Amino acid sequence: QKVSVEVLDHLEHLALVDFRDSEGVDWLQKAIQFADQLHEVNTDGVEPMDSVLEDRCLYLREDDVTEGNCTKELLGNAREKVEEYFVAPPGNIPLPKLEERETFLQGS
């Protein structure tokens, strides 16, 4: 099945990934086909799980703050920052406009 322009646009904005070339679109379609195999698994009578570890007790440690006030040192590690925030992922790609995407997908 083909991936629609709207789905591509939505995925790009969520994941900040560029599917502008046919290789990226092919990779996405193969990933969807692989994931579609899960629909063939019979899950009748299987209770949904909240966690893969729901049969085990998770021990939490105390959250004791021992250090702090090191904002300047931490932000010094950032390749790019805006005001007092990290820019993540660094070097976000500019996403094409929806009109540009439609012309690209017609050729694939």
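The values are calculated or read from the model by the stated rules, or taken from the named source; none is laboratory data. Being a predicted model, the structure only gives us computed values, none of them experimental. Reconstructed Cβ throughout: ideal geometry from the backbone, glycine too, with neighbour counts over all protein chains shown. Please note that ligands, DNA and RNA were not included when accessible areas were found on the heavy atoms of the full protein model with its side chains. Shrake-Rupley method; radii C 1.70, N 1.55, O 1.52, S 1.80 Å.
Listing for the model above:
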{"quantity": "Candidate set from segment 10-37 (those that are closer than 23 Å to ALA88 by Cβ and not in a helix (DSSP H, G or I)); member that is most open to solvent (accessible area, probe 1.4 Å)", "calculated": "ARG20"}
{"quantity": "Subset of segment 38-50 [over 25 Å from LEU11 (Cβ atoms), open to solvent by 100 Å² or more (accessible area, probe 1.4 Å) and at pLDDT 90 or above]", "calculated": "ASN42, ASP44"}
{"quantity": "Index of the failed condition, LEU53 passing every other in (1) assigned to a loop (DSSP other than H, G, I, E, B); (2) among the aliphatic types (A, V, I, L, M); (3) over 20 Å from the mean Cα position of the chain (by Cα); (4) within 30 Å of HIS13 (Cα to Cα)", "calculated": "(4)"}
{"quantity": "Cβ pairs under 6 Å, 6+ apart, first in segment 53-82 and among the charged types (D, E, K, R), second at pLDDT 85 or above", "calculated": "LYS81/LEU75"}
{"quantity": "Among (1) open to solvent by 60 Å² or more (accessible area, probe 1.4 Å); (2) at pLDDT below 85 - the single one GLU62 does not satisfy", "calculated": "(2)"}
